[in-house]
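Here is the structure we will look at.
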Amino acid sequence: LVRLIFCLFADDTGIFEPRDIFLELITDRTREDGVDVGERLAKLFDVLNQSVEKRQRNLDEDLARFPYINGQLFAERLPISSFDRQMRELLLEACDFSWDAISPAIFGSLFQSVMNKKERRSQGAHYTTEKNIMKVIEPLFLDDLRSELARIKARKDNGRTNALKSFQVKLGSLKFFDPACGCGNFLIISYRELRIIELEVLRELNQSGQRVLDISSLSIVNVNQFYGIEIGEFPALIAEVALWMMDHIMNNRLSLEFGEFYARIPLKVSPHIVSDDSLELSWSELINPMECSYILGNPPFIGSKFQDEKQRLQVRTIARLGGSGGTLDFVAAWFIKAAEFVQKGNAAIGFVATNSITQGEQVAQLWPILFHKFGLEISFAHRTFAWGSDARGKAHVHVVIIGLVKRQFEPDSKRLFSYQNINGNPVESKHKILTAYLVDGESLRDRHLVVSERSQPLSDVPKLASGSQPIDDGNLIFNDAEKNEFVKQEPSSEKFLRPFLGADEYINGIGRWILWLKTASPVELRAMPHVGERLKKVREFRRRSKRKSTVAIADYPERYNVEVVPESPFLALPEVSSERREYLPIGWLTPPTVPSNKLRIMGKAKLWHFAVLTSAMHMAWVRYIGGRLKSDFQYGIGVVYNTFPWPVASNEQRKSIEVLGERIIEIRANYPESTLGDLYDPDLMKADLRKAHRDLDRAVDELYLRGGFETERGRAEHLLALYETQMQPLSAIQPKAKRKKRI
């Protein structure tokens, strides 16, 4: 397939001359039933791998017209393919297509389109739009090269020509490495852009307007400057061939510019693409770290919960976190391995990553390794945006882009690209310091500050807990219809059925129920045979579990694995909430409601707690520090609530805040038919509710900073600085090191 793609492309772009000789070969020299097509292709592949002088003198004249390709593309002898009539017709249909209009970068998307979803997910494969590739390579190297060329072109002195020549030599010396290259899109686009810059240099060096007699000596940028590792053999082959195709396209542009046709055939050099496991292979075996200029790409996106045993072991081994290896996404392994690789050289890094590595608990696991162990700094970054793919059936992921350099090479001004809308265009800002949370770190004493998970709140506030987790395989849980049907069968069960709300049910008013049988006597249980049958299924389900803690409670099927059944009103916060909402939809619930583990709950909560937690200040902490589930907010107790720096307020200030919080609750009550999901839908939110929140936001802001904040990022940066000052010094929480005895 890869060879056929090359032949189709070559037939339409001038690699094969005259054009359409491949089409003519299939049309005129193969039978309509297709039985001899495979044999004819095998002979053609042999010819393409032979220099003209080594070919047989009596070679078929139709085959003799084809050039020598080399480059190892046709070196291996393959089994002869078996064609039939339909396959021949499909090949002829492909031959009729105008391949000269196709960018080689599209092949990655074609490859992803034919992968099934399970395979794509297991490999974390996400092929990329050109627009998003440019978001990586422009701040990584293109913008600097363009600026350097612009400065040289602006020179008026005698050294201008030599400077242009030196700059071209520099272009030819750069080496690019994608350690998870897939079908090579990042390398292909990078090569094209490098050739475009070189073409501009050549224009400046040849301004006479005369035709150049030998343009083969003009271009020195070539595909052997590009290196890649890809675990799949097929995409690795596509990457290599696509780079050759892009090379020919750029040679055609060079030909048009200087008036002589130029095809770099036979292929004398090749890109360095290997099919291997990037996390097992030593990168130094492929490319010398001292010669590598840039490491780039989009390594696989696989969350910690979706990694197989081998992948989890690889992350644990590379991160050296011990135990389970933490909760790092698969992509983190590439960051760490790249950081280690550049210690022996000076390469800059530009990777796409799941946004989870800059939020939540992963920050404290990954970034100290990059900052402290390997001495890297963030040189540029794109905050969270939706990652696009040209492929059919593409996966929807939300990502960040991060550029890293060794500390001694960090630029004075770091570039940050932020998105008002995750599907929109970014706005660029400049900063002296960027933190792991991709915010300005100039106000911090420790520029490498990370927020670590805590078991207790940082401030003097009530504890937050998760709700109940039954682990029952659904046997104790009912929706409205199931509950009504069950009560008909088992009328005595009705008094043991309680509302059971998780985040979705609480926000959207969905009815769900759970059997709470702790208070049921043996006589009552015996009188409910349908309940008994469900308890039997719970017991059997738990006994089959691989977790010892679940097996341990198998003999107590009427109990939950985690039991949180409040006996008084409690404040509820959803664990997961849409990123579209300006505010977390929180509020009070009352018994007999049983909260699930998808709700965070606070007993004995006061209006003060409600008001601060629903404020814009707290939302800034949730957005910038908390984790995400896809793009939705994921409210973690240890990393969000327990680390949140609460404001210091007098009794009078607290009372005024509580009044504003109560006003929000009163306005909600004016819409009894509306769910919290309705009330906090940004497109449906009523003006009076929005105004009440704005009033509360201003009042809470004033508790932190007189005059408030202009942006949410400003709130997050202020909170990070406040968190830093409120944290105990390390000496207070770490045991003192024993003094070594003098010998």
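The values are calculated or read from the model by the stated rules, or taken from the named source; none is laboratory data. Predicted model, so just to flag it, every value in this text is computed and none were measured. Note that each Cβ is placed from the backbone with ideal geometry, even for glycine, and that neighbours are counted across all protein chains shown. Note: accessible area is taken over every heavy atom of the protein model, side chains too, but ligands, DNA and RNA are not part of it. Shrake-Rupley method; radii C 1.70, N 1.55, O 1.52, S 1.80 Å.
Using a/c under 1.5 as the rounded threshold, could you call segment 389-480 rounded, prolate or oblate? The axes a ≥ b ≥ c are square roots of the C-alpha gyration tensor eigenvalues, and prolate needs a/b larger than b/c, oblate otherwise. In terms of gyration-tensor shape, oblate. The Cα atoms of segment 476-626 give a gyration tensor whose axes a ≥ b ≥ c have a/c of 1.5 or more with a/b greater than b/c, which makes the shape prolate. With contacts taken as Cα pairs under 8 Å at a separation of at least 6 residues, the chain carries a relative contact order of 10 percent. Applying 1/(1 + (r/R0)^6) with R0 = 41 Å to the Cβ-Cβ distance of Val52 and Glu89 gives a FRET efficiency near 0.80. For a straight C-alpha distance cut-off of 13 angstrom, the aspartates and glutamates reachable from Lys537 (same-chain residues fewer than eight places away being disregarded) are Asp472, Asp473, Asp555, Glu558. Could you work out how far helix 309-319 tilts from the main Cα principal axis of the chain, as a 0 to 90 degree angle to the nearest 10? It works out to around 90 degrees. Close amide H pairs (under 5 Å, H built 1.01 Å from N) link Val562 with Gln469, residues at least 5 positions away or on another chain.
Residues whose amide H falls under 5 Å from that of Val594, counting only those 5 or more places apart or on a different chain, are Phe500, Leu501, with hydrogens built in the peptide plane. Across segment 223-230, computed HN-Hα scalar couplings (Karplus, 6.51 cos²θ - 1.76 cosθ + 1.60, θ = phi - 60°) run 5, 6, 7, 10, 10, x, 10, 9 Hz from first to last residue, x flagging Gly and Pro.
Only helical runs count toward this figure. For the chain, summing -39,500 (n - 2.57) over DSSP H runs of n ≥ 4 and dividing by all residues gives -12000 deg cm²/dmol at 222 nm. Which distance in Å, rounded to a whole number, links the C-alpha centroids of segment 432-510 and segment 276-308? Distance between centres, Cα-based: 36 Å.
Between rounded, prolate and oblate, where does segment 547-593 land on the alpha carbon gyration tensor, with a ≥ b ≥ c its root eigenvalues, rounded for a/c under 1.5, else prolate if a/b exceeds b/c? Since a/c reaches 1.5 but b/c is at least a/b, the shape of segment 547-593 is classed as oblate. The phi torsions of segment 3-15, fed into the Karplus equation with coefficients 6.51, -1.76 and 1.60 and a -60° offset, translate into couplings of 5, 5, 4, 4, 5, 4, 5, 4, 5, 9, 10, x, 5 Hz, rounded to whole numbers, with Gly and Pro shown as x.
In this structure the amide hydrogen of Arg600, modeled in the peptide plane, comes within under 5 Å of the amide hydrogens of Leu573, Glu575, none closer than 5 places in sequence on its chain.
When the C-alpha to C-alpha distance is required to be over 20 Å, the pairs from Lys170/Lys373; Lys165/Lys344; Lys373/Lys406 that qualify are Lys170/Lys373; Lys165/Lys344. Extension gain, Lys691-Ser656: 0.36 nm per intervening residue step, less the Cα-Cα distance, totals 11.0 nm.
Tell me which aspartates and glutamates have Cα within less than 13 Å of Lys156's Cα, excluding those fewer than 8 residues away on the same chain? The qualifying aspartates and glutamates are Glu204.
Axis angle, to the nearest 10 degrees, between helix 233-258 and the longest C-alpha principal axis of the chain: 60 degrees.
Rg and Dmax, both from the Cα atoms of the chain and both in Å, are 31.9, 104. Full extension of the chain between Ser166 and Lys305 yields a length gain of 45.0 nm, computed as 0.36 nm times the residue separation minus the alpha carbon distance. Per residue, the accessible area of segment 307-387 comes to 30 Å², computed with a 1.4 Å probe over protein heavy atoms only. For segment 197-204, putting each phi into the Karplus relation 6.51 cos²θ - 1.76 cosθ + 1.60 with θ = phi - 60° gives couplings of 5, 4, 4, 5, 4, 5, 4, 5 Hz, in residue order, rounded to whole numbers and with x for Gly and Pro. Estimated at the nearest 10 Å², the accessible area of Glu32 is 130 Å² with a 1.4 Å probe.
Applying 0.36 nm per residue to the separation of Lys536 and Arg407 and subtracting their alpha-carbon distance, the gain on full extension is 40.3 nm.
Each peptide in 305-313, 375-383 receives the mean, over its residues, of other Cβ atoms within 10 Å, and ordering these scores from highest gives 375-383, 305-313.
Computed from Cα positions, the angle between helix 529-543 and the longest principal axis of the chain comes to roughly 50 degrees. If you count only protein heavy atoms and use a 1.4 Å probe, how large is the accessible surface of Met134, to the nearest 10 Å²? Spelled out: Met134, probe radius 1.4 Å, area about 30 Å². Neighbours of Thr593, meaning other residues whose beta-carbon lies under 12 angstrom from its beta-carbon, give a summed charge of 0 when Lys and Arg score +1 and Asp and Glu score -1. So, R0 is 51 Å and r is the distance between the beta-carbons of Lys546 and Glu712; what FRET efficiency does that work out to, to 0.05? Efficiency, rounded to the nearest 0.05: 0.75. Peptides 462-471, 421-430 ranked from most to least packed, by the mean per-residue count of other Cβ atoms within 10 Å: 462-471, 421-430. Put Lys604, Lys432, Lys537 in order of accessible area, highest first, and with a 1.4 Å probe you get Lys604, Lys432, Lys537. With the simple spin-label model, which puts each label point 7 Å out from Cα in the Cβ direction, the Val35 to Met290 separation comes to 6.2 nm. Would you please give the FRET efficiency between Glu280 and Arg155, computed as 1/(1 + (r/R0)^6) with r the Cβ-Cβ distance and R0 = 51 Å, to the nearest 0.05? Calculated transfer efficiency: 0.55.
Legend: residues Asp683, Asp480, sorted from most to least accessible area (1.4 Å probe; ligands, DNA and RNA excluded), read Asp683, Asp480.
Residue ranking by accessible heavy-atom surface, 1.4 Å probe, largest first, among His448, His693 comes out as His448, His693.
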